[in-house]
Structures are given as C-alpha cells and as structure tokens.
Amino acid sequence: MTAVRPDIAPKQAPEATQFPTGFVWGAATAAYQVEGAAAEDGRTPSIWDTFSHTPGKVHNGDTGDIAADHYHRFRDDVALMKQLGLKAYRFSISWSRVQPTGRGPAVERGLDFYRKLVDELLEADIAPVATLYHWDLPQELEDAGGWPQRVTTDRFADYAAIMAGALGDRVATWTTFNEPWCSAFLGYGSGVHAPGRTEPAAALRAAHHLNLAHGRAIEVLRDQLPAGAQTSVTLNLHQVRPLTASAADADAARRIDAVGNRIFTGPMLRGEYPEDLLADTAHLVDWSKLVQDGDLAAISRPVDVLGVNYYTPTLVSLPEKGESGSGNDVHGASEFSPWPGSEHVAFHLAEGKERTAMNWSIDPDGLYNLLMDVTRDHPGLPLMVTENGAAFDDYVSPEGRVEDPERIAYLHGHLDAVQRAVADGADVRGYFLWSLMDNFEWAYGYSKRFGTVYVDYGSQRRIPKASAHWYSDVIRRHALPPAGLS
Ligand code: IFM
C-alpha cells in the first residue's frame with residue numbers, strides 16, 4: 001500500500017466546528033420596541049409611553065406608539081422567522097397590555113395577543129421564549145412609587161401568576177427580567193431611561209426590589225409551570241476592565257463589577273449581597289432595613305439557565321482627585337451617574353477598536369471572557385447568550401438590498417467567541433441575535449438599527465439584511481461558515 005505523501009495530498013477545507021447538539025438559534029425583540037398598538041385592546045401607558053411622550057427625553061421625539069407594528073404583523077413576522085430558519089424567538093410581554101393598571105384581573109384581549117403569537121410560533125416549529133419584564137412598568141405602578149417601593153414586588157408576583165396561567169401550557173422557557181441593571185440604574189439613577197428619575201438611593205432600592213420580584217416570580221413560575229419548563233433571568237453583565245494596572249484602576253473595576261454585576265449575581269446565585277457593594281453604598285441606603293428576613297432565600301431560588309447579554313466591554317479608571325469622573329459611559333450621557341456610590345469612576349472607549357453606530361467598541365474577546373468568568377464564578381451554571389448584536393447605519397440600496405458586512409463580521413466574531421468559550425468549558429446552550437428587526441432603541445428612538453431584518457417604518461416593509469441570510473446559513477450548518485463566506 002502506498003502511503004499518501006502529506007506534501008502532495010490534496011488540501012481539504014478543515015471541518016467547521018459544530019455548535020453543541022441542541023444549541024438553540026434564536027433572535028430577540030421586546031414588547032415596547034416592536035409591538036406598537038400602544039392604546040389598543042385595553043392597553044394603558046407604561047413608563048416608556050409616558051417617558052417617550054415627554055419632550056426632550058427621546059431622540060427626535062420618537063415614541064413606541066407604532067414601532068414595528070408587530071402587534072398587527074406578528075403572523076408575517078413569524079413566517080419570516082421560519083423562512084430564516086430560526087429555532088427560537090425571544091419576546092417580552094407588555095405588562096400594561098395584559099393587566100392595564102398593574103393590579104387586578106387580566107384583560108383577555110391582551111392575553112389573546114400573546115396566545116396567538118405563541119400558537120403561531122409553535123405552528124412554525126419556533127420555540128417561544130417569554131420575558132415577563134423588559135423595562136415597561138405600568139405607569140400606575142410608577143405613580144404609586146415604582147420599583148423603589150417594595151409593594152411593586154407583590155404586583156409582579158401576581159402578574160407572573162397571570163402569565164404562567166395563560167401561557168404556561170405552551171411556553172417552555174421563561175425569563176423574569178431583562179437587564180434589571182438598566183431598570184434600576186438608568187431608570188432611577190442617571191434618568192436616561194423611564195421613568196427618568198435621578199435618585200441614587202432610589203436606584204439601589206429599585207435594584208433590591210427587582211431582585212426580590214425576580215425571586216418571587218421564580219417561585220410562582222415553579223409552582224404553576226409544568227415540570228420540565230425552564231426558568232431564567234437575563235443580566236447585562238458588564239465585562240469590566242481596568243484602564244491600567246494601577247491599584248486605583250483595579251479599585252474602579254471592582255466597584256463597577258460590584259454595582260454593575262454582583263449586585264444581581266450575588267443575591268441571585270449566592271444568596272448574599274457582596275460586602276464591598278454594601279460598604280461602597282452604605283451612605284445611600286441602610287441595607288439592614290432594605291433587605292428583610294427571607295429576602296435572600298427568596299431571591300436565590302435556583303434558575304435553570306442564566307441569560308447573558310453582551311455588546312461591548314466596560315473600560316474604567318479612577319481619576320486623580322479633581323479630575324472628572326464621567327467620560328464615555330456607553331449607557332448614555334447624563335449629568336447624573338448610574339453608578340451610585342461609585343460616581344467618581346471614569347469610563348473610556350478602547351483605542352484602536354472598530355465601533356458600531358452606538359460608538360461601542362467591537363470586542364468579541366469580551367464575550368469570551370464574560371462567559372468564562374461566569375463559568376469560573378458559578379461552575380456548572382447553564383448559560384444562554386440572550387442578546388448580542390450591533391447597530392450600523394443600514395440603508396436600502398437602489399436594488400432594494402441591505403448590505404451589512406460589518407454586522408456579519410460582528411456576529412461571526414462573537415459566535416466564534418461563543419465557540420471558544422464552549423470549547424473551554426462554558427455550558428452555553430444557545431444564542432439570540434439582537435435584534436430580529438429594527439426597532440425603537442429607547443432614548444435613541446429609531447435612529448439606531450439593530451435588526452438583522454430592516455424595517456422601512458413608512459411602509460412597515462421588512463427586508464432581510466445580508467446578515468439575516470448569513471445567520472440563516474449558520475443555523476443551517478450549525479457551524480460558522482468558512483471565513484471567505486463572511
Ligand atoms: O435594545 C436594547 C435592548 O432592549 C436591551 N439590551 C440592549 C439593546 C441594545 O441597546
């Protein structure tokens with residue numbers, strides 16, 4: 001037998017690494033960002049309706065009144081998802097659509113929208129992944145004090161019970177909160193998000209009550225959902241890096257990690273608030289009064305999977321006394337800080353990195369490191385990337401196409417980071433691209449396009465961007481395409 005000489009053997013493309021068996025491929029949206037139909041079928045205003053209708057709060061005075069009109073076009077949207085080969089759709093429920101005052105009986109017409117959406121998804125073989133809260137508190141509950149008030153956790157537990165009752169037989173994966181950090185610290189700290197309050201102590205109180213509401217909802221869901229249903233929470237964990245190797249910058253990173261990450265992962269996954277966070281914020285809240293007996297046990301009820309959202313890393317330093325502590329915080333410009341107790345920390349943009357239209361630096365290693373950090377700190381915890389994606393200045397070409405090579409490169413880099421993390425031991429169960437379609441990007445209104453599907457807001461026509469076709473191909477292969485095809 002003649003041995004094949006390696007130097008003349010025909011070169012074959014290396015086999016692409018497959019994602020793990022069962023790895024879920026999805027895309028995500030959120031109710032206020034896409035649904036529209038703001039005043040239909042009994043829906044009442046949420047804090048985002050009020051905020052967006054307040055002059056000066058949202059770019060260009062944009063509101064979510066119509067958004068991407070998903071409320072009326074969900075059937076076509078699901079058909080498009082099927083065409084693209086998506087296996088899962090992560091959406092959120094508008095609380096004030098199903099329970100308009102945030103208390104009392106549910107409105108059937110509101111529930112019906114979600115029943116129909118879920119049925120349509122199941123019919124298309126797309127797994128529904130429901131988030132109970134993506135930032136849109138019913139305005140009446142904010143009028144009663146909002147998240148800084150403990151009673152709001154009672155309301156949330158009731159609402160969770162309504163939704164488990166309505167959809168528990170057909171939705172297998174439930175998420176309590178999306179990015180509670182934003183609700184607490186952008187909503188009540190810097191005020192760049194609804195309800196636009198700028199009260200550092202209230203922001204910390206809100207964080208605790210969001211934690212508690214999460215734990216109480218997990219209990220309700222566990223009681224009401226069939227065995228086998230999955231519960232989760234989604235956190236926008238900050239991948240914090242010190243600007244230099246100095247002790248001062250290390251302290252800045254520790255502080256932001258405490259009030260950006262461990263304020264949630266501590267009580268949720270360890271049953272305790274980190275000592276350093278309590279010390280950094282002791283002048284603002286009396287934690288011994290805020291955290292009542294039984295709270296930590298409630299908050300730390302186990303979740304089946306942790307949702308992780310990642311876009312860009314967070315680069316920080318501790319300026320010398322007298323220097324400004326603000327800088328380039330990716331969470332938006334405000335004279336008020338979203339970092340109670342650590343207002344003096346400065347934020348930086350990484351040099352030499354490409355940026356998205358949000359001016360966020362593109363750094364896939366940040367996702368790899370984040371997944372590995374969580375795995376190191378919480379071994380064995382199943383993870384799901386519940387949001388990742390990028391805004392670019394997309395436009396429709398004269399031929400009617402939307403070419404978005406930057407988004408394809410972004411997605412390729414970040415999916416490669418997921419694969420590297422999986423290879424190194426992270427238990428990542430799936431990936432949800434943010435976003436399925438262009439939508440209302442909060443304080444930026446419609447000026448930022450995160451969708452893999454372009455939305456022409458005038459006609460509400462949907463045009464899958466080149467990245468949608470690329471993602472579809474990734475899903476079909478269950479692997480990344482060879483580099484040349486990106
Ligand atoms: O659009 C948001 C989403 O609602 C929450 N995570 C970040 C996205 C991009 O800013």
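The values are calculated or read from the model by the stated rules, or taken from the named source; none is laboratory data. Just so it is clear, the model here is predicted, and its values are computed rather than measured. Cβ atoms come from the backbone with ideal geometry, glycine included; neighbour counts cover every protein chain shown. Just the protein is used for accessible areas: all its heavy atoms, side chains included, with ligands, DNA and RNA removed. Shrake-Rupley method; radii C 1.70, N 1.55, O 1.52, S 1.80 Å.
Less than 5 angstrom separates the built amide H of residue 196 from none of the residues sequence-distant by 5 or more or on a different chain.
Using the alpha carbons alone, the radius of gyration of region 420-486 stands to its Kirkwood radius in an Rg to Rh ratio of 1.08. Can you tally the net charge around residue 455? Count Lys and Arg as +1, Asp and Glu as -1, for every other residue whose Cβ sits under 14 Å from the Cβ of residue 455. Here the count lands on -4. Amide H to amide H, with H built 1.01 Å from N, residue 308 comes under 5 Å of 235, 384, 385, 386, 387, counting only residues 5 or more places away or on other chains.
Remark on region 142-281: ratio of C-alpha radius of gyration to 2.2 N^0.38 Å is 1.15. Compared with the direct C-alpha span, the chain from residue 170 to residue 279 gains 34.8 nm at full extension, assuming 0.36 nm per residue.
Measuring nothing but protein heavy atoms, the accessible surface of the chain at 1.4 Å probe radius is 51 percent carbon and sulfur.
Just how large is the dipole of region 385-470 about the Cα centre, in debye to the nearest 20, putting +1 at every Lys and Arg Cβ and -1 at every Asp and Glu Cβ? Let's see the in-between values first.
Numbers: 9 positive and 13 negative charges, 41 e Å.
Rounded to the nearest 20 debye, it is 200 debye.
The charge dipole of region 50-172, taken about the Cα centre with unit charges on the Cβ atoms of Lys, Arg (+1) and Asp, Glu (-1), comes to about 200 debye, rounded to the nearest 20.
With each label modelled as a point 7 angstrom along the Cα→C-beta vector, the residue 365-residue 477 pair spans 2.5 nm.
Can you quote the Å³ per residue value for the convex hull of the Cα atoms in region 193-350, rounded to an integer?
Values: hull volume 20.3 nm³, N = 158.
Given the Cα convex hull of region 193-350, per-residue volume reads 128 Å³.
Amide H contacts of residue 173: 130, 230, each under 5 Å away and 5 or more positions distant or on a separate chain (H built 1.01 Å from N in the peptide plane; Pro and chain starts excluded). Think of the chain as a dipole: +1 on every Lys or Arg Cβ, -1 on every Asp or Glu Cβ, centred on the Cα centre; then among 151, 24, 359, 24 lies furthest on the positive end.
Average 1/r across all pairs of distinct alpha carbons in region 277-408, invert it, and you get the Kirkwood radius: 18.6 Å. Over all Cα atoms in region 331-414, the spread is summed up by Rg and Dmax: 17.0, 53 Å.
Suppose every K and R has +1 on its Cβ and every D and E has -1 on its Cβ; what is the size of the dipole of the chain about the Cα centre, in Debye to the nearest 20?
Computed about the Cα centre, the dipole is about 840 debye.
For GluC sites (Glu not before Pro), the sites in region 310-414 that DSSP calls loop and that have at most 16 other Cβ atoms within 10 Å are 320, 323, 335, 343, 351, 354, 399, 403. One chain, two ends: residue 461 and residue 223. Fully extended at 0.36 nm per residue, the span grows by 81.5 nm beyond their Cα-Cα distance. Over 27 Å apart at the Cα level, from the set 57/289; 82/465; 87/116; 82/116; 353/448, are 57/289. Diffusion coefficient (Stokes-Einstein, Kirkwood radius over C-alpha pairs, 20 °C, 1.002 mPa s) for region 381-443: 158 µm²/s, rounded to a whole number.
Considered as an equivalent ellipsoid built on the Cα gyration tensor, the chain has semi-axes of 33, 29, 23 Å, the largest given first.
I'd like the FRET efficiency for residue 351 and residue 372, computed as 1/(1 + (r/R0)^6) with the beta carbon distance as r and R0 of 30 Å, rounded to 0.05. Can you show the working numbers first?
Details: r = 24 Å, r/R0 = 0.80.
That gives a FRET efficiency of 0.80.
Taking the Kirkwood radius as Rh and the Cα radius of gyration as Rg, region 363-486 has a ratio of Rg/Rh equal to 1.02.
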